[in-house]
Every structure is written in C-alpha cells, then in structure tokens.
Amino acid sequence: MELRTKLGAAALLAAAAMATAAGCGGRDDDPNPTPDAGCTGVCSTDAGTDAGTNSDAGSDAGTNTDGGSDAGAGGQIAAVRKLSFGTKATLHDVIVTDVDYEKLGTDGKQWRSFFWVTDPAFPKEGLYISKFYDDLPDTYRPQPGNTVDIEGYFGTEPNYQPFSGRRHHLVNDYRNGKTLNITVKSDAGVEARPAANEVTVEDLQASLEAAQNTASYLGTRIHLAGPLTLTNPQPVQFQRLDSEDAGTIYYGFEVTGGILVYHDKTRSRNLSDGGTVVGCDYQKAALDGGAVTFPNGISGVWDTYTFAPCTNGSSDITGCGNNSSDSGVPGTDKRYTYTVIPQDCTDLPGEVDGAAFP
C-alpha cells in the first residue's frame, strides 16, 4: 500500500481510497463469462502497464439483474441504470463530485481512477465511473467540479471486488478493445459540484428497500440531517468474514435509524512501516465507552456495499489476490446494501461525550 506517515486531510482521502480499491481486479479471462463471474487465476497486480487491457473492467455481459427497462421520469443517469449490462451509453455535462480512488501508473503519466458523477439537471442521480489507465484521455485525473461527457459501457463492479462489488458503473469494453472516453468540458473547481442532497433517515430507509435501478440518491453526495447517534459500533453487515481476523474487524458503524456509515476514509490506523494515519475514528471512540453524536448530521456519498472474503486467509483484504468468487452482506441474505461513504473528516463533524472530536 502506498500510504504515508501522518497524512494530511487531502492525502488521507486519496490514500484511504487506495487501500479500499486496490487488489483483485475485475477481469475474468473466460471469453464467455457469466454475469457476476468470479475472479479466476491471478487478477490485477495494479501495475499500470497493461498496454490496453483493462484488468478491472468488470462489466457483465448478461442482462441487468435489477430488472426493468422503463426509464421513468428521471434523467440520463436514471435511464442508464435501466440498461442491460454491456450496453454502450453516453452521459453529457455531468459533474465529478468525489474521487473514490486514484493511482498514477508506472509510466508516470496515465491515471487509473474510480469516481462519482452527478447530473446537475437531476441532482438526485449519480453514477460510479471506473477509468483504467489507458482509457482516454489516459492522463486525465478527475477533480471534483469537472464537467465532463463520458462514453462507456454500463455494468457493475465485479462481485468479488471487496466493498464496491456489484456497484453500477460505466467502464470500458476491454474484450472488444473499446475504451472509456472522457471529454472535459470545464474545470470550475469543487465549488461547481452540486450541493449535497438534504435527506432524512426516513429518506434513506426508503432507498434501502429499492434496487439500484430505482434507489433514490444513489451515487450522489448527501447530507443526512441530525441530530444522529452512533447506535452500534460493530454492525454485523460490516463484519469481516474469512479465516483470518474474522469477527474482529468491522468496516464501519451504524447511526440512528439503522443507517450504515462506511468509515474507510476516516478511521485511524497503524501502518506496517510504523507510521500512522490519524483520522476521526468514531468506532474506536464508541468501543472505548464514549457516547458519539452528530448534532449537525453527516455527509458523504450514498452507494452500495458488499463484502468478498479472502479465500486464502490473508489479512490484507484488498490485496489478498484470491477473494471469494461471490459476495454479499454479512448477517443477511442480501447481495448488497447501501451505506453513507464519508470522504474525509469534514463529512463527519461529531462529538464524543458532548465534546468536539477528535
């Protein structure tokens, strides 16, 4: 992992995202893959020199198992979510809201990026974008506030991708040598991105019951109104399940109303090189006996969560090289659920025992 000691806020965001997304790639080398095909053999090494072969594409050749073909009254992103997997689609004048993960290739020029876009004409609609190193322009590094056109192919992140598996996305069609193409229309800065959607616990509870092609606010920035209380520091849905660290690691916490908060970008951690990442670790504070509240609510991206365990017992869930061929939500019979994904500690202005934290 390419983390650094005592990261600042901006670096913490990028490094924590890197820890989340790196590892088993999305390509199944079977020429006739089944939908949600599992990872076979050695997947992406994340070297960044694949010479045009996207080892993290993950688009399914089958049909959209979320069902439905009626685009309804929504905008262009809602229409894309109704398409069959593998269908070509173009989004016009969408705005980059947040960057989930990015990495510079070994050539020092090409960028690999996972990011979210929102249609400002329909601000309750967002979508995840998976850009590989050689997608065009290969040197493009998305920044919040960029207005872009994106031409790609609709599908899902691989079901064996830890945490983001099964998430709807646009991606390239590497099997047929077709790139994801991005046209930057303007770069007005982070202030240009749409304001976070103001939501209540009841809004998100209703979204939880819907499939990805109809769930409200999915892929967009939200602000969940407060006051909120951290009600469970170790919800079963976030439990790690495999032969190593099973039952000892939980990837987030739960707040009022059963809303999950995935804390990968905000938690504190010790690094293997002896360094530390200092975050706003409310889970630890709660486990230490503190009463955690969010008087003014919390912000982040509302999107999917699933868990794919390592089959070889590695303690590095994102780099084990052999994740399960299937995934799901621990403690449930669901293949995925939804969670708030704070992007940094400014998205989580909380208190512990009535005092600002950290």
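The values are calculated or read from the model by the stated rules, or taken from the named source; none is laboratory data. These numbers were taken from a predicted model, which means no experiment stands behind them. Note that each Cβ is placed from the backbone with ideal geometry, even for glycine, and that neighbours are counted across all protein chains shown. Note: areas computed on protein heavy atoms with side chains; ligands, DNA, RNA excluded. Shrake-Rupley method; radii C 1.70, N 1.55, O 1.52, S 1.80 Å.
If you take the square roots of the eigenvalues of the alpha-carbon gyration tensor of segment 232-313 and sort them as a ≥ b ≥ c, do you get rounded (a/c under 1.5), prolate (a/b over b/c) or oblate?
Taking the square roots of the gyration eigenvalues as a ≥ b ≥ c, segment 232-313 is oblate.
Using the Cβ atoms and a cut-off under 9 Å, what net charge is assigned to the surroundings of TRP116, where Lys and Arg are +1 and Asp and Glu are -1?
-2
List every residue whose amide H lies under 5 Å from the amide H of LYS178, counting only residues 5 or more places away in sequence or on a different chain, with H placed 1.01 Å from N in the peptide plane.
Under 5 Å from the amide H of LYS178 lie the amide H atoms of ASP173, each far enough along the sequence or on another chain.
At what distance in angstrom do the alpha carbon centres of segment 283-358 and segment 193-221 lie from each other?
When both Cα centres are located, 18 Å separates them.
Of the DSSP beta bridges with both residues in segment 161-279, give the percent that are antiparallel, rounding to the nearest 5.
Restricted to segment 161-279, the bridges split so that about 75 percent are antiparallel.
Show me the ranking of peptides 179-188, 91-100, 153-162 by mean Cβ neighbours inside 10 Å, starting with the highest.
153-162, 91-100, 179-188
Taking 8 Å as the Cα distance limit and 6 or more residues as the minimum spacing, I'd like the relative contact order of segment 70-130 as a percentage.
30 percent
Please give the peptides 224-231, 337-344, 322-329 ranked by average Cβ packing (other Cβ atoms within 10 Å per residue), highest first, as a rough proxy for protection.
337-344, 322-329, 224-231
Of the accessible area of segment 148-275, with the probe set at 1.4 angstrom, what percent is carbon plus sulfur?
46 percent
Give the accessible surface of segment 128-260 per residue, rounded to a whole number of Å², with probe radius 1.4 Å and ligands, DNA and RNA excluded.
36 Å²
Residue by residue through segment 176-190, what is 3J(HN,Hα) from phi via Karplus (6.51 cos²θ - 1.76 cosθ + 1.60, θ = phi - 60°)? Round to whole Hz and write x for glycine and proline.
Taking θ as phi minus 60°, the curve returns 10, x, 10, 8, 7, 10, 10, 10, 7, 8, 7, 9, 9, x, 4 Hz for segment 176-190.
For segment 157-197, rounded, prolate or oblate, judged on the Cα gyration tensor with a ≥ b ≥ c (square roots of eigenvalues), a/c < 1.5 rounded, else prolate if a/b > b/c?
Taking the square roots of the gyration eigenvalues as a ≥ b ≥ c, segment 157-197 is oblate.
Checking the table LYS131/LYS265; LYS103/LYS178; LYS82/LYS178; LYS178/LYS334 against a 24 Å threshold on Cα-Cα, which pairs fail?
Pairs exceeding the cut-off: LYS178/LYS334.
Quick query: amide H of GLY126 versus all other amide H atoms, modeled in the peptide plane; which residues come in under 5 Å with a sequence gap of 5 or more or a different chain?
Close amide H contacts, sequence-distant or interchain: LEU218, THR220.
Rounded, prolate or oblate: which fits segment 255-295 when a ≥ b ≥ c are the square roots of the eigenvalues of the alpha-carbon gyration tensor, with rounded for a/c under 1.5 and prolate only if a/b beats b/c?
prolate
Report relative contact order for segment 255-358 in percent, whole number only (criteria: Cα-Cα under 8 Å, sequence separation at least 6).
About 35 percent, as a whole number.
State, to one decimal in nm², a quarter of the convex hull surface area for the C-alpha atoms of segment 180-230, i.e. the direction-averaged projected area.
Average of the hull's projected areas for segment 180-230 equals 5.8 nm².
May I ask you to order 274-283, 205-214, 295-304 by the average number of other C-beta atoms within 10 Å around their residues, highest value first?
Listed from highest to lowest mean packing, they are 295-304, 274-283, 205-214.
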